[in-house]
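Nothing in this text is a laboratory measurement; each read-out follows from the coordinates by a stated rule. What you see is a predicted model; the values in this text were computed from it and never measured. Don't worry about glycine lacking a Cβ; one is built from the backbone with ideal geometry, like all the others, and counts go over all protein chains shown.
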Amino acid sequence: MRDMTLPVGDGFADLADARGVTPEELAEQALDRFLVVEAAFVRQQAMRLALGHQSLLRRLGE
């Protein structure tokens, strides 16, 4: 895994402090939430495509 550095403003550190976490922990929480939402979107699109091409997928599986 690669390390990534993102510049954040003072407000980010203030928010982390107000929530009782470090800025790194706050960034990790935000990234985790973002990835959960993105994964759900990808699953939804994959299901939509699979249902729309059900007969083709069935033929390819034979």
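Listing for the model above:
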| item | result |
| --- | --- |
| Label-point gap, in nm, between ARG48 and LEU35 - each point 7 angstrom along Cα→Cβ | 2.4 nm |
| For the chain, built as a Gaussian network whose Cα springs stay under 10 Å, the top-fluctuating residue of LEU49, LEU31, LEU15 | LEU49 |
| Table column - 3J(HN,Hα) (Hz), the stretch 14-28, Karplus curve with 6.51, -1.76, 1.60, x for Gly and Pro | 5, 5, 4, 4, 5, 8, x, 10, 7, x, 5, 5, 5, 5, 5 |
| Per-bin percent of Cα-Cα distances, the chain [5 Å] | 4, 14, 14, 14, 11, 9, 8, 7, 7, 5, 5, 1 |
| The stretch 49-62 - phi-based ³J(HN,Hα) in whole Hz, Karplus 6.51/-1.76/1.60, Gly and Pro as x | 5, 4, 5, x, 10, 4, 5, 5, 5, 5, 5, 5, x, 7 |
| Positive minus negative residues near MET4 (Lys, Arg vs Asp, Glu; Cβ under 14 Å) | -2 |
